[in-house]
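Input: a single structure, listed below in structure tokens.
The values are calculated or read from the model by the stated rules, or taken from the named source; none is laboratory data. Small disclaimer: the values here were computed from a predicted structure and weren't measured. Positions of Cβ are generated from backbone atoms using ideal geometry, with glycine treated the same way; all protein chains shown enter the neighbour counts. Accessible surface is based on the protein model in full, side chains and every heavy atom, while ligands, DNA and RNA are left aside. Shrake-Rupley method; radii C 1.70, N 1.55, O 1.52, S 1.80 Å.
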Amino acid sequence: MNKIRFLTAGESHGQALMTILEGIPAGLDLTSEDIEDQLRRRQRGYGRGDRQKIEQDKAKIMTGVRYGKTLGSPIGLLLENKDWPNWTEKMSVEPVQNPVGPLQMPRPGHADFAGMVKYRHDDLRNILERSSARETAMRVAAGAVARKLLSEFGIEIYGQVIQIENIKSSLTALDVLSGNDKNRVDKWRELLQKAEQSPVACADQQAESDIMARIDAAAERGDTLGGIYEIVALNVPVGLGSHVHWDRRLDAWIAMAMMGINAMKSVEIGLGKGVADIPGSQVHDELFYNEPEGYYRLRNAAGGIEGGMSNGEPIIVRVAMKPLPTLSSPLRSVDAGSKMSKQAFRERSDVCAVPAAVVIAEAMLAIVLANALVDKIGGDSIAEMKIHYNGLPHVPLGW
Ligand code: EPS
């Protein structure tokens with residue numbers, strides 16, 4: 001990730017979240033609306049907690065844009081926390097007369113324990129405020145800009161939930177997008193519209209209602225649920241990333257971006273770990289050629305990446321998210337002060353945040369692909385990038 005970079009700052013219950021996004025070329029149409037649309041999508045999802053009723057995320061574009069177009073300079077975004085007025089004492093930047101007592105019972109599965117030991121804090125709030133997934137709002141904001149850049153080149157990125165607990169969707173990208181059915185991309189788009197309307201971001205309606213029932217049951221028990229989602233990028237040109245060096249491989253960038261999202265435990269491309277179950281003759285996607293359409297394949301087990309490079313097929317990424325570690329029926333833990341066995345502390349939280357994670361992962365994939373595109377074709381402005389893009393070798397793909 002060498003061309004488009006970003007840093008975020010901010011605590012979950014602090015005043016605001018911020019990001020500086022560097023490397024976006026000049027001349028890209030960009031409005032606050034483009035960012036808000038994505039932020040709104042991230043706040044969705046059956047199973048989210050009361051915090052989302054407080055926040056209506058809007059990121060203000062502070063720098064890098066003039067008259068609705070990027071300048072090529074760093075884009076600074078600011079998102080104010082609406083919950084801040086309730087936390088001015090507890091999260092005060094300045095020292096206060098009566099600080100709140102420390103939180104000392106780390107939640108198993110959370111950053112609490114290792115963070116407390118590593119940073120020598122005796123108050124877990126000093127860890128959890130930054131490890132909170134609230135920060136991912138800024139990744140979505142930065143990703144919205146990358147998404148806008150990719151849309152100039154026809155690249156689209158969308159995802160859906162395909163599993164919560166053991167409830168599985170029967171409509172997955174690998175099935176729908178494999179084969180040389182001319183309508184497969186339209187079918188996928190249709191399916192995504194259903195997922196977009198779904199409270200749990202799942203296109204399969206049977207799975208959707210079963211998932212909602214599971215979320216209700218988990219909430220009742222004071223438990224949380226993880227799951228699996230898939231993200232697909234369409235119209236990615238051939239040759240993003242490279243086989244020549246480990247840190248230039250597109251799949252490596254994608255894996256890092258996905259694993260970097262709070263609570264993600266595994267990332268797969270295409271068939272993923274399924275490649276271990278069958279011989280090579282059944283794993284690899286044979287190539288065919290037809291006039292005038294060009295190259296085509298009968299399947300996409302590679303998930304659009306071969307040799308660390310995009311191969312022109314849809315990129316299919318699947319990610320598994322663990323259940324959130326904040327349980328309202330907490331697990332056993334140890335009080336870091338007295339060293340007595342106690343229950344982990346309880347905070348207001350979400351029962352299931354997998355539908356929100358879809359939007360975060362889309363944003364991260366957008367940043368990775370925008371970086372890879374700028375890396376491949378270069379250009380300081382969109383106009384220049386388009387000249388370079390049009391000069392790419394024309395590889396007609398069957399779809
Ligand atoms: C989170 C705990 C909850 C979530 C939060 C992530 O926040 P709170 O403690 O304020 O109830 O809602 O996610 C967001 C605020 C968000 O915008 O996604 C955590 O501990 O990670």
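Return the residue satisfying two criteria in turn: it lies in segment 163-183 and is within 23 Å of the chain's Cα centre (by Cα) and closer than 15 Å to Asp285 by Cα, and of such residues it is most open to solvent (accessible area, probe 1.4 Å). Spell out the reasoning first.
So in segment 163-183, the residues within 23 Å of the chain's Cα centre (by Cα) come out as 163-177.
With the extra rule that they be closer than 15 Å to Asp285 by Cα, the set shrinks to 174-175, 177.
Working: Leu174: 34, Asp175: 108, Leu177: 0 Å².
The selected residue is Asp175.
Is there a residue in segment 197-217 that is of a type in the set (A, V, I, L, M) and open to solvent by 70 Å² or more (accessible area, probe 1.4 Å)?
Keep residues of segment 197-217 that are of a type in the set (A, V, I, L, M), which gives 200-201, 203, 207, 211-213, 215, 217.
Filter once more, so that each one left must be open to solvent by 70 Å² or more (accessible area, probe 1.4 Å): none.
No: segment 197-217 contains no residue that is of a type in the set (A, V, I, L, M) and open to solvent by 70 Å² or more (accessible area, probe 1.4 Å).
Which of the residues spanning segment 1-29 are open to solvent by 30 Å² or more (accessible area, probe 1.4 Å), among the hydrophobic types (A, V, I, L, M, F, W, C) and at pLDDT 95 or above?
Passing the criteria: Phe6, Leu7, Ala9, Met18, Ile20.
Of everything in segment 94-103, what is in contact (Cβ under 8 Å) with a residue 60 or more places away in the chain and open to solvent by 50 Å² or more (accessible area, probe 1.4 Å)? Give them in sequence order. Steps first, please.
So the first thing to find is which residues in segment 94-103 are in contact (Cβ under 8 Å) with a residue 60 or more places away in the chain, and the list is 102-103.
Passing the criteria: only Pro102.
Could you tell me which of the residues Gly115, Gly101, Gly109 is small (Gly, Ala, Ser), more than 11 Å from the ligand (Cβ to nearest atom) and assigned to a helix (DSSP H, G or I)?
On the way: Gly101 fails: assigned to a helix (DSSP H, G or I); Gly109 fails: assigned to a helix (DSSP H, G or I).
Unique residue meeting the criteria: Gly115.
Look through segment 333-344, keep the residues that are in contact with a strand residue (DSSP E or B) (Cβ under 9 Å, 6 or more places away or on another chain) and small (Gly, Ala, Ser), and return whichever of them is nearest to the ligand (Cβ to nearest atom). Before the answer, list the steps.
We begin by selecting, within segment 333-344, every residue in contact with a strand residue (DSSP E or B) (Cβ under 9 Å, 6 or more places away or on another chain); these are 333-335, 340-344.
Restricting the remaining residues to those that are small (Gly, Ala, Ser) gives 333, 341, 344.
Values: Ser333: 16, Ser341: 23, Ala344: 12 Å.
The residue in question is Ala344.
With Pro330, Pro292, Pro325 as the choices, which residue is open to solvent by 60 Å² or more (accessible area, probe 1.4 Å) and either within 13 Å of Gly109 (Cα to Cα) or more than 16 Å from the ligand (Cβ to nearest atom) (or both)?
Numbers: Pro330 fails: open to solvent by 60 Å² or more (accessible area, probe 1.4 Å); Pro325 fails: open to solvent by 60 Å² or more (accessible area, probe 1.4 Å).
From the options Pro330, Pro292, Pro325, the qualifying one is Pro292.
State all residues of segment 30-77 that are surrounded by 15 or more Cβ atoms within 10 Å (Cβ to Cβ), among the charged types (D, E, K, R) and more than 16 Å from the ligand (Cβ to nearest atom); if no residue qualifies, say none.
Within segment 30-77, the first condition is being surrounded by 15 or more Cβ atoms within 10 Å (Cβ to Cβ), and the residues that meet it are 30, 32, 34-36, 38-39, 41-49, 51-52, 55, 57-59, 61, 64-65, 69-72, 74-77.
Narrowing the set further to residues that are among the charged types (D, E, K, R) leaves 34, 36, 41-42, 44, 48, 51, 55, 57-58, 69.
Residues satisfying the conditions are Asp34, Lys69.
In segment 345-362, how many are open to solvent by 10 Å² or more (accessible area, probe 1.4 Å) and either more than 10 Å from the ligand (Cβ to nearest atom) or free of Cβ contacts under 8 Å to residues at least 40 places away in the same chain (or both)?
Selection size over segment 345-362: 3.
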